[in-house]
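Engineer: Would you mind keeping the following structure in view while I ask a few things?
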Amino acid sequence: MSRRRPAALALAAAVAAVWLVPSDVPRLVARQDDVLLGRYAEGHLVAAALATALLLPAAWMLARGVGALEVLVRVGLAAGAGWLAFAAASIASYEPAKQRYVETPVAELVREAPVPLVGITRRRQPGRSFEMTRADVPPTARSYPGAPAGFPEARIVLTTDRDGLRNAALPPRWDVVVTGDSFAEGSMVSDGEVWSARLAEALGRPVRNVAMSGASPRVALNNLLAFGAAGDPRLAIVSVYEGNDFKDHREPLALLRGDGAGPPRLADRLRAWRRLAFEDSPLRARAKRWLIDTLGPVGRDAALPEAPGLSWMPVRIAAPAGVRHYAFDPGDLLALRLDRARFERSPAWTTNAEAFRAAAAWARAAGVELLFLYVPSKPRVVLPLVRDAVPAEALRAFAAYKKRDLPPAQRFASELYASLDALERLFLGFCAAETLRCLSATEPLRRATAAGEQVYFTYDPHWTRLGHALAAATVAAEIRAAGLLAPRSSAARAAGPPR
C-alpha cells in the first residue's frame with residue numbers, strides 16, 4: 001500500500017505535466033500546423049487526452065489499493081480494446097463510392113501498351129460539378145501575427161467529365177493531352193482558368209486534361225495511357241512539380257477492393273488494411289476535423305513569444321505593380337537544400353525517372369510529340385528575389401522549425417542558395433541525356449513575381465489564375481516555336497495509341 005500511493009501521485013503528476021507544458025507554438029505556426037486551444041499541437045492534445053483517460057483511472061485504482069499488476073492488465077485491456085474497436089470501425093466505415101478519388105489499376109483499363117502497366121490511375125467521381133468559394137487565407141485558425149490578405153476571394157467551378165477528370169466539355173478527339181498533378185489539374189482555380197483550358201484557347205485546338213491532384217509521375221503516366229491516348233493526340237504534355245513529385249509514393253487503397261490485376265500479396269493487403277485503419281481512417285479524419293473546427297479558434301489571437309524565424313514570414317515583395325506576400329512551409333524551403341549526388345541514388349529519383357522514360361517510350365511508339373513542363377515550387381521562385389532582405393539568421397531560424405540540426409546561419413544560407421536550382425538542373429540534364437523536350441516555367445514565373453504579378457497564392461502553394469495564364473502562354477509559345485503540332489507521318493498514325 002505504501003508504494004501504491006506515490007505511484008498514483010506520480011501518474012497524476014504525469015498527466016498534469018502533459019497538460020501544463022505547451023507545444024512549440026511558433027514552430028506550429030511556421031509549419032502551418034493546427035494549434036488547438038491556443039497552445040497544443042493536434043498530437044499533443046490527443047496524447048494528453050489519452051493519458052488522462054488511461055492514467056487517471058490507473059492512479060485512482062492504485063490509490064484504492066488495487067495491485068500494480070492488476071492495474072496494468074486492466075489498462076492494457078482497455079487500451080487494446082479501444083485500439084481494435086477504432087480499427088474495426090474505421091475499416092467498416094470505408095465506402096469507396098463516397099471517396100473523393102477513384103483509384104483503379106491501369107492494367108484493368110489498358111489492354112496493351114508499349115510500356116509496362118504498373119500501378120494505378122487516379123480520378124474524381126465522374127460527371128460532377130462543384131461550385132465553391134476559393135479563399136487564399138492561412139490554412140489554420142492560429143497563424144502569423146497580422147497575416148496579410150491573400151489573393152482576392154472568388155467563386156470557382158470544378159467540373160469532371162465521364163471519366164472523372166477535369167474537363168468542362170470533352171471533345172471526341174483532342175490534339176493535345178495534359179497530365180500531371182494538382183498544378184496541371186488546377187487547384188484553387190475555376191475550370192476556364194486552368195492552364196490546359198487557356199492553352200486550348202491560345203492554340204485553337206482541343207485539349208484534354210487527364211491530370212489529377214496527388215498524382216505521382218507514375219500515376220500521371222497511367223492516366224495518360226488510360227484516358228489520354230484514346231483521343232489520338234498529336235502532343236502529350238507532362239507536368240512535373242518539383243515540390244512533391246520527387247518522392248516515394250505509397251501503395252493505393254485499391255488493394256482493399258481487389259482491384260489489382262492479380263491477387264495482392266498478403267503483406268500488401270495487410271499494409272493497406274493498416275493504412276485504412278489508422279493513417280487514412282475515415283473516423284480519424286472526421287475526429288480531426290471536429291477537433292480543428294471546435295478547438296482551433298480558441299486562443300487563436302493570443303500573443304506569440306518572440307520568434308526570429310517568423311519575423312519575415314509571409315515574406316514581402318515590393319514591386320511597381322504593388323506589394324505581394326508569400327508564405328511557405330519550412331519543409332518546402334529545406335527541400336531545396338539538395339545533396340544532388342545522394343538524391344540521384346535514392347528511389348525518390350530513380351523510380352520517377354523510370355516513369356519519365358516510360359512516358360517517352362510510349363510517345364515514341366505512338367508517334368506522339370512529348371513535352372515535359374517543369375514546375376518550380378513557390379519558395380524557389382521567391383527566395384532569390386528576397387535574398388538581400390532576409391538575414392541569414394532569420395532564414396536559418398525559420399528552417400530550424402523543420403530540422404534543428406543545421407549549420408551556422410551564414411553557411412546554411414550559402415549552401416541553400418547554392419543548391420536552389422540543383423533539382424531542376426538534374427531534371428533538365430536527364431532530359432538532355434534522354435533526348436527529351438523539356439520546358440522550365442521557373443524564369444517566366446520569377447520575372448512575373450519580381451514585377452508584382454501574383455502568380456502564386458499567398459498561403460496556398462499553387463498558381464493563381466494569373467500563374468495559369470502565364471503557364472499557358474509559355475507552353476503555347478514553345479509549341480509554336482518547336483512546331484510540336486505539325487501533322488504526324490502516316491506510319492506513326494497507323495501505330496496508334498495503346499488500347
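Engineer: I'd like the residue in segment 342-379 that is aliphatic (A, V, I, L, M) and surrounded by fewer than 17 Cβ atoms within 10 Å (Cβ to Cβ) and, out of all such residues, is farthest from the chain's Cα centre (by Cα). Before the answer, list the steps.
Structural biologist: Residues of segment 342-379 aliphatic (A, V, I, L, M): 348, 353, 355, 358-361, 363, 365-366, 368, 370-371, 373, 375.
Filter once more, keeping what is surrounded by fewer than 17 Cβ atoms within 10 Å (Cβ to Cβ): 348, 361, 365.
Numbers: 348: 15, 361: 27, 365: 32 Å.
Selected residue: 365.
Engineer: If you don't mind, there's one more thing I want to ask. Would you call residue 103 within 30 Å of residue 163 (Cα to Cα), in contact with a Pro (Cβ under 6 Å, 6 or more places away or on another chain) and among the acidic types (Asp, Glu)?
Structural biologist: yes
Engineer: Please go through (1) more than 21 Å from the chain's Cα centre (by Cα); (2) over 13 Å from residue 210 (Cβ atoms) for residue 106 and return the number of the only condition it doesn't satisfy.
Structural biologist: Going through (1) more than 21 Å from the chain's Cα centre (by Cα); (2) over 13 Å from residue 210 (Cβ atoms) one by one, residue 106 breaks only (2).
Engineer: Moving to a separate point now. I'm trying to understand the selection: among the residues of segment 354-368, which are aliphatic (A, V, I, L, M) and farther than 10 Å from residue 229 by Cα? Can you show your working first?
Structural biologist: Let us first name the residues in segment 354-368 that are aliphatic (A, V, I, L, M), namely 355, 358-361, 363, 365-366, 368.
Those that are aliphatic (A, V, I, L, M) and farther than 10 Å from residue 229 by Cα: 355, 358, 359, 360, 361, 365.
Engineer: Which number in (1) surrounded by 17 or more Cβ atoms within 10 Å (Cβ to Cβ); (2) farther than 30 Å from residue 459 by Cβ; (3) of a type outside the set (Gly, Ala, Ser) marks the one condition that residue 66 misses?
Structural biologist: Result: residue 66 fails condition (1) only.
Engineer: Which ones in segment 365-391 are under 23 Å from residue 308 (Cβ atoms) and among the acidic types (Asp, Glu)?
Structural biologist: 388
Engineer: Also: Inspect segment 426-446 for any residue being assigned to a helix (DSSP H, G or I), polar (S, T, N, Q) and either over 25 Å from residue 316 (Cα atoms) or at pLDDT 95 or above (or both) and give the result as yes or no.
Structural biologist: Checked against the condition, which is being assigned to a helix (DSSP H, G or I), polar (S, T, N, Q) and either over 25 Å from residue 316 (Cα atoms) or at pLDDT 95 or above (or both), segment 426-446 yields at least one hit.
Engineer: Take the residues of segment 318-332 that are modelled with pLDDT under 95 and either of a type in the set (A, V, I, L, M) or on the phi > 0 side of the Ramachandran plot (or both): which is surrounded by the most Cβ atoms within 10 Å (Cβ to Cβ)?
Structural biologist: 319
Engineer: Here is a follow-up. Within segment 37-68, track down each residue that is part of a helix (DSSP H, G or I) and farther than 18 Å from residue 13 by Cβ.
Structural biologist: The answer is 42, 43, 45, 46.
Engineer: Where the second residue is of a type in the set (Gly, Ala, Ser) and the first is in a helix (DSSP H, G or I) and lies in segment 328-356, which pairs have Cβ atoms under 7 Å and are six or more apart or on separate chains?
Structural biologist: Going by the 7 Å Cβ cut-off, the qualifying pairs are 330/30; 330/399; 332/243; 332/377; 333/399; 334/399; 340/422.
Engineer: Going residue by residue through segment 384-391, is there one that turns out to be surrounded by fewer than 15 Cβ atoms within 10 Å (Cβ to Cβ), over 19 Å from residue 334 (Cβ atoms) and not aromatic (Phe, Trp, Tyr)?
Structural biologist: Yes, some residue in segment 384-391 is surrounded by fewer than 15 Cβ atoms within 10 Å (Cβ to Cβ), over 19 Å from residue 334 (Cβ atoms) and not aromatic (Phe, Trp, Tyr).
Engineer: To continue, here is another question. Please find, within segment 393-405, the residue that is surrounded by the most Cβ atoms within 10 Å (Cβ to Cβ) out of those that are out of contact with any Pro (no Cβ under 9 Å at 6 or more places or on another chain) and modelled with pLDDT under 95.
Structural biologist: 404
Engineer: Which pairs turn up if I take residues in segment 237-254 that are under 17 Å from residue 354 (Cα atoms) and look for partners that are modelled with pLDDT of 50 or more and among the acidic types (Asp, Glu) with beta carbon separation below 6 Å, at least 6 apart in sequence or on another chain?
Structural biologist: Filtered contacts from segment 237-254: 241/181.
Engineer: Could you list, in sequence order, the residues of segment 110-145 that are of a type in the set (A, V, I, L, M, F, W, C), surrounded by 18 or more Cβ atoms within 10 Å (Cβ to Cβ) and over 30 Å from residue 305 (Cβ atoms)?
Structural biologist: 110, 113, 115, 117, 120, listed by residue number.
Engineer: A follow-up question, please. Filtering segment 19-47 down to residues that are β-branched (Val, Ile, Thr) and surrounded by 18 or more Cβ atoms within 10 Å (Cβ to Cβ), which residue is farthest from residue 63 (Cα to Cα)? Show your work before the answer.
Structural biologist: To start, the set of residues in segment 19-47 that are β-branched (Val, Ile, Thr) comprises 21, 25, 29, 35, 46.
Right, trim to surrounded by 18 or more Cβ atoms within 10 Å (Cβ to Cβ) and you get 25, 29, 35.
Numbers: 25: 36, 29: 41, 35: 35 Å.
Applying the filter and picking the extreme gives 29.
Engineer: Okay, next question. Any chance you could count how many residues in segment 471-484 are surrounded by 21 or more Cβ atoms within 10 Å (Cβ to Cβ) and either free of Cβ contacts under 8 Å to residues at least 60 places away in the same chain or more than 19 Å from residue 368 (Cα to Cα) (or both)?
Structural biologist: 2
Engineer: If you don't mind, there's one more thing I want to ask. Applying the selection to segment 287-305, what residues are among the basic types (Lys, Arg) and either modelled with pLDDT under 75 or loosely packed, with under 12 Cβ neighbours inside 10 Å (or both)?
Structural biologist: 289
Engineer: May I ask you to list the residues in segment 126-167 that are closer than 27 Å to residue 99 by Cβ and among the aromatic types (Phe, Trp, Tyr)?
Structural biologist: The one that is closer than 27 Å to residue 99 by Cβ and among the aromatic types (Phe, Trp, Tyr): 130.
Engineer: For the structure I just gave you, tell me whether residue 390 is farther than 29 Å from residue 473 by Cβ and either touching a strand residue (DSSP E or B) at 6+ places or on another chain (Cβ under 9 Å) or among the polar types (S, T, N, Q) (or both).
Structural biologist: Yes, satisfied.
Engineer: Looking at segment 304-323 only, could you name the residues that are touching a residue at least 60 places away in the same chain (Cβ under 8 Å) and not in a strand (DSSP E or B)?
Structural biologist: Passing the criteria: 304, 305, 307, 308, 309, 310, 311, 312, 313, 314, 320, 321.
Engineer: Here's a follow-up. Could you check segment 1-26 and list, in sequence order, the residues that are assigned to a helix (DSSP H, G or I) and under 22 Å from residue 65 (Cβ atoms)?
Structural biologist: 4, 5, 6, 7, 8, 9, 10, 11, 12, 13, 14, 15
Engineer: Please find, among 75, 29, 71, the residue that is part of a helix (DSSP H, G or I) and under 30 Å from residue 306 (Cα atoms).
Structural biologist: Testing whether each residue is part of a helix (DSSP H, G or I) and under 30 Å from residue 306 (Cα atoms) leaves just 29.
Engineer: Counting only residues that are in contact (Cβ under 8 Å) with a residue 40 or more places away in the chain, in contact with a helix residue (DSSP H, G or I) (Cβ under 7 Å, 6 or more places away or on another chain) and small (Gly, Ala, Ser), which one in segment 406-445 is nearest to residue 457 (Cα to Cα)?
Structural biologist: 441
The values are calculated or read from the model by the stated rules, or taken from the named source; none is laboratory data. In this text, all values refer to a predicted model and were calculated from it rather than measured experimentally. Don't worry about glycine lacking a Cβ; one is built from the backbone with ideal geometry, like all the others, and counts go over all protein chains shown.
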